[in-house]
Amino acid sequence: MSWPLKPLNELCLLAVDCVNKTAPVVDYDTGYRMIRTTNIKGGFIDLDNVRYVTEEVFEKWTRRSRPQYGDVILTREAPVGEVGRFTEDVNNVFLGQRLFHYRPDPDLLDWNYLAYALLSRQIQGRLKGMGFGATVDHIRVGDAETLAIPCPPLPVQRSIGSILASYDDLIENNQRRIQLLEESARLLYKEWFVHLRFPGREHVKVTNGVPEGWSRRRLVDVTSKIGSGATPKGGASAYQPEGIALIRSQNVYDYRFDSSGLAFINDEQADRLSNVEVNGSDVLLNITGASVGRCCLAPDYHLPARVNQHVMIIRSDSEKFGPHYLLHFINSYREKQRILAAAGAGGSTREALTKSFVQNLEVTLPSRTLMEQFEDFAKDCFEQKQKLEMQNIRLAKARDLLLPKLMSGELAA
């Protein structure tokens, strides 16, 4: 079944490009949030990891439009073709550059359907084609305005949108639970090891900010492995549709492993990288580029795996301390600033961490009893989080299998 194609500027109340220059940001929470291309992915909009601006900048940058519930956003550049939708009411949020803003006419176009139409293989292929060939891949404003999508009757649109959104609603709910688990472990680490409000503190003497019985050790002395890998010969062209996972910097975020874009290599390629085989709960640290310093734990559900040259494995010695404590230590504000400074983040040269720096990074080790109490709590949070992440991977696969069949009419909505 084929449905007529109709241009989006005829189906939307609003189809506008955002201000095409960078808004000046501030380094504190003003309540005025800027959404960037990095916040748009896979039909979702990340409203947490945002930049902030002053009220004056917000008013200036929202003269064309202000997003609201049901709006759909398309990235025109860096990257081309990512899609997100506002699934809740938002206040004091605006869109940064390279984002195109659609507000469907509810009498003509269902907003969920629009998002999934833009995510469909057919439209994604056209978007990538529009963006190809320029110095930097990008979609022209005029092309974004007049982009034509299949337009079934409105009741069919609503049914398709509702079916697919039900999967994403479950994913979003799981994601909120994941964030709560992450936050629980972070708050406990901060309470015990930053503010030093740990159990039994009233009986422990503190000298120069270090409780009695705690110590400072070099990372190389309390780990069993520190090392990074390589890209297989042939680069991206050597990647396989399935096989052994190859973890790259784009998969590693603070506290979070991003499975999208995960590369795979064959057994022969993996054998050449046997020295960087990943174990469950290894700490992964990005050591080059704009993402330098990002750090998470390796998830069990992507093993076996290797890392490339941009990601370092740090494997804690279980006799001395645990991986969950190490993760939170590296991601703590003080240590993160030290790591970024050492990498030259924000400078004119390419950011990078040397193996020597990581080996000689000093880590604070609390008492064994306190360490074990924290590890038990954080490990439980991590295991619950992994179960939810695996559910989300299965839900996303099921949704992605349905999407082309519903969009083509092969399955009746």
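Here are Ser120, Ser162: which of them is surrounded by fewer than 17 Cβ atoms within 10 Å (Cβ to Cβ) and modelled with pLDDT of 95 or more?
Numbers: Ser120 fails: surrounded by fewer than 17 Cβ atoms within 10 Å (Cβ to Cβ).
It is Ser162.
May I ask you to verify whether Ala341 is among the small types (Gly, Ala, Ser) and either in contact with a Gly (Cβ under 8 Å, 6 or more places away or on another chain) or buried (at least 18 other Cβ atoms within 10 Å of the Cβ) (or both)?
Values: among the small types (Gly, Ala, Ser): yes; either in contact with a Gly (Cβ under 8 Å, 6 or more places away or on another chain) or buried (at least 18 other Cβ atoms within 10 Å of the Cβ) (or both): no.
Criteria not met by Ala341.
Would you check which residues across region 67-95 are under 17 Å from Arg51 (Cβ atoms) and either surrounded by 23 or more Cβ atoms within 10 Å (Cβ to Cβ) or modelled with pLDDT of 95 or more (or both) and list them? Scanning region 67-95 gives Pro67, Ile73, Thr75, Gly84, Asn92, Val93, Phe94, Leu95.
Residues of region 165-180 that are buried (at least 19 other Cβ atoms within 10 Å of the Cβ) and within 11 Å of Lys385 (Cα to Cα): Ile178 alone. Restricting region 3-43 to residues that are among the small types (Gly, Ala, Ser) and within 22 Å of Ser162 (Cβ to Cβ), the residue that is modelled with the highest pLDDT is Gly43.
With respect to Arg315, determine if the residue is modelled with pLDDT of 95 or more, assigned by TED's automatic domain parsing to the domain that holds Leu187 and buried (at least 18 other Cβ atoms within 10 Å of the Cβ). For Arg315, the condition - modelled with pLDDT of 95 or more, assigned by TED's automatic domain parsing to the domain that holds Leu187 and buried (at least 18 other Cβ atoms within 10 Å of the Cβ) - is not met.
Restricting Lys387, Lys336 to those that are touching a residue at least 40 places away in the same chain (Cβ under 8 Å), of a type in the set (Lys, Arg) and out of contact with any Cys (no Cβ under 8 Å at 6 or more places or on another chain) reduces the list to Lys336.
Yes/no per residue for (1) within 25 Å of the chain's Cα centre (by Cα); (2) of a type outside the set (Val, Ile, Thr); (3) assigned to a helix (DSSP H, G or I):
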{"position": "Ile149", "(1), (2), (3)": "no, no, no"}
{"position": "Pro152", "(1), (2), (3)": "no, yes, no"}
{"position": "Pro155", "(1), (2), (3)": "no, yes, yes"}
{"position": "Gly161", "(1), (2), (3)": "yes, yes, yes"}
{"position": "Ser166", "(1), (2), (3)": "yes, yes, yes"}
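With respect to (1) in contact (Cβ under 8 Å) with a residue 12 or more places away in the chain; (2) exposed (fewer than 15 other Cβ atoms within 10 Å of the Cβ); (3) of a type in the set (Lys, Arg); (4) in a helix (DSSP H, G or I), the lone exception for Arg186 is condition (2).
So which strands (runs of 3 or more DSSP E) are wholly in region 31-101 and hold at least 1 residues that are in the same structural domain as Leu11 (by TED's automatic domain parsing), out of contact with any Lys or Arg (no Cβ under 8 Å at 6 or more places or on another chain) and free of Cβ contacts under 8 Å to residues at least 60 places away in the same chain? It would help to see each step written out before you state the result.
Details: elements: 33-35, 72-75, 83-85, 93-95.
Once the strands (runs of 3 or more DSSP E) in region 31-101 are filtered for at least 1 residues that are in the same structural domain as Leu11 (by TED's automatic domain parsing), out of contact with any Lys or Arg (no Cβ under 8 Å at 6 or more places or on another chain) and free of Cβ contacts under 8 Å to residues at least 60 places away in the same chain, what remains is 83-85.
Listed conditions (1) in contact with a Cys (Cβ under 8 Å, 6 or more places away or on another chain); (2) touching a residue at least 60 places away in the same chain (Cβ under 8 Å); (3) aliphatic (A, V, I, L, M) are all met by Val252, apart from (2). Identification of strands (runs of 3 or more DSSP E) wholly contained in region 300-413 with 1 or more residues that are over 29 Å from Ile244 (Cβ atoms) yields 362-365.
For region 300-312, a residue qualifies if it is within 21 Å of the chain's Cα centre (by Cα) and surrounded by fewer than 24 Cβ atoms within 10 Å (Cβ to Cβ), and the qualifying residues are Asp300, Tyr301, His302, Leu303, Asn308, Gln309, His310.
The values are calculated or read from the model by the stated rules, or taken from the named source; none is laboratory data. Quick caveat: nothing in here was measured; it's all calculated off a predicted structure. Methodologically, a virtual Cβ is constructed for each residue, glycine included, from the backbone with ideal geometry; neighbour enumeration extends over all protein chains shown.
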